[in-house]
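Inspection log for the structure reproduced underneath, given as structure tokens.
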Amino acid sequence: MSGAAVDVRNVTKTYGSGATAYTALRGVDFVVHPGEFVMLSGPSGSGKTTLLSIIGCVLTASTGAVSLLGNDISKAKDGELAAMRLSHIGFVFQAHNLIASLSAQENIAMLLELRGYSKTEARREAASLLTQVGLADKLDNLPRDLSGGQRQRVAIARALAGSPPIILADEPTAALDAQNGLAVTELLRALAKEKGHTVVVVTHDNRIFHLADRIVRIEDGLIQENPT
């Protein structure tokens, strides 16, 4: 395996078994270096989210090798994968995955406390992150009191909490208007360029394609275009 931030080699992923088995990835190679801002594009069902979830230690590959920050996680146990997620990965889920009973600030502060911040530090940093995504006036709002776009921006702020070296985002602009979608994408790109983070974004949004260092297309579980 190389010293790349993300190094995926000949990875397959099959769901189920026997007659109902479905193969989502069919021998994927995908490498991303520190400081790169890469977009994964392709039609629905192409394997984009499956690949992102394997990189994010949410799913495990059926076969093949996966390395993150020089650590081979191909045969890692659930506890090891959870520790990797907590320490090294910020994940923006398409469905937000915010805790309904916590305010926007609390949703972020809780993760920061898990990463070792004091309660005071966590609340201060959470407020700063929400300001960065344009929600300085929504710190105390519960998810139910926020629009879909606002919830997505909270989810993005939470993914940035603690400055993880790898940031993964699944359709982060899907619920945002053009202005806010561009703003959060520019923020993700700035993290890659100014702080050396590795950022991988799954997206159909051609309004933000111009911000990518590379656009990698995946279709039917195979990488179709992977410019260097």
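Here, each number is a calculation from the coordinates, and none is a lab measurement. Only a predicted model underlies this, so the values are computations on that prediction, with no experimental measurement involved. Glycine gets a Cβ as well: all are built from the backbone with ideal geometry, and neighbour counts include every protein chain shown.
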Relative to the chain, whose Cα atoms define the longest principal axis, helix 178-195 and its Cα axis are tilted in degrees, nearest 10, by 70
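Would you work out if segment 103-228 is rounded, prolate or oblate? Take a ≥ b ≥ c from the square roots of the eigenvalues of the alpha-carbon gyration tensor; rounded if a/c is under 1.5, else prolate when a/b is larger than b/c, oblate otherwise. Numbers along the way, then the final one.
On the way: a/c = 2.22, a/b = 1.63, b/c = 1.36.
It is prolate, given that a/c is not under 1.5 and a/b is the larger ratio.
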Longest principal axis of the chain (C-alpha) makes with the long axis of helix 104-114 (C-alpha) an angle, in degrees to the nearest 10, of 60
Along the Cα-to-Cβ line of residue 147, 7 Å from the Cα, sits a label point; which residues in segment 102-123 have backbone N less than 11 Å from it?
none
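May I ask you to order 62-71, 41-50, 11-20 by the average number of other C-beta atoms within 10 Å around their residues, highest value first?
Details: 62-71: 16.7, 41-50: 18.7, 11-20: 12.3.
Descending mean neighbour count gives 41-50, 62-71, 11-20.
Could you tell me which of rounded, prolate or oblate describes segment 112-172, using a ≥ b ≥ c as the square roots of the eigenvalues of the alpha-carbon gyration tensor, with rounded for a/c under 1.5 and, failing that, prolate when a/b is larger than b/c and oblate otherwise?
Working: a/c = 2.05, a/b = 1.19, b/c = 1.73.
It is oblate, given that a/c is not under 1.5 and a/b is not larger than b/c.
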For residue 167, what residues show an amide H to amide H distance below 5 Å, using hydrogens built from the backbone and excluding near sequence neighbours?
90, 198, 199, 200
How big is the charge dipole of segment 1-107 about its Cα centre, in debye rounded to the nearest 20, if each Lys and Arg gets +1 on its Cβ and each Asp and Glu gets -1 on its Cβ?
280
About its Cα centre, the chain carries a charge dipole, from +1 on Lys and Arg Cβ atoms and -1 on Asp and Glu Cβ atoms, whose size in debye to the nearest 20 is 200
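In percent, what relative contact order does segment 55-194 have, based on Cα pairs under 8 Å that are 6 or more apart in sequence?
So the answer I get is 27 percent.
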Pull up the cross-link candidates among the lysines for residue 13, meaning alpha carbon to alpha carbon under 19 Å and not fewer than 8 places away within one chain.
48, 75, 77
Measure out, as a whole number of angstrom, how far apart the alpha-carbon centroids of segment 136-166 and segment 189-224 sit.
21
Relative to the chain, whose Cα atoms define the longest principal axis, helix 119-132 and its Cα axis are tilted in degrees, nearest 10, by 80
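Going highest first, how would you order 176-184, 22-30, 154-162, 78-86 by mean Cβ packing within 10 Å? Before the final figure, lay out each step's value.
On the way: 176-184: 16.3, 22-30: 18.4, 154-162: 24.8, 78-86: 13.8.
Descending packing order for the listed peptides: 154-162, 22-30, 176-184, 78-86.
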Take the alpha carbon gyration tensor of the chain, find the square roots of its eigenvalues, order them as a ≥ b ≥ c, and report rounded if a/c is under 1.5; if not, report prolate when a/b exceeds b/c, else oblate.
prolate
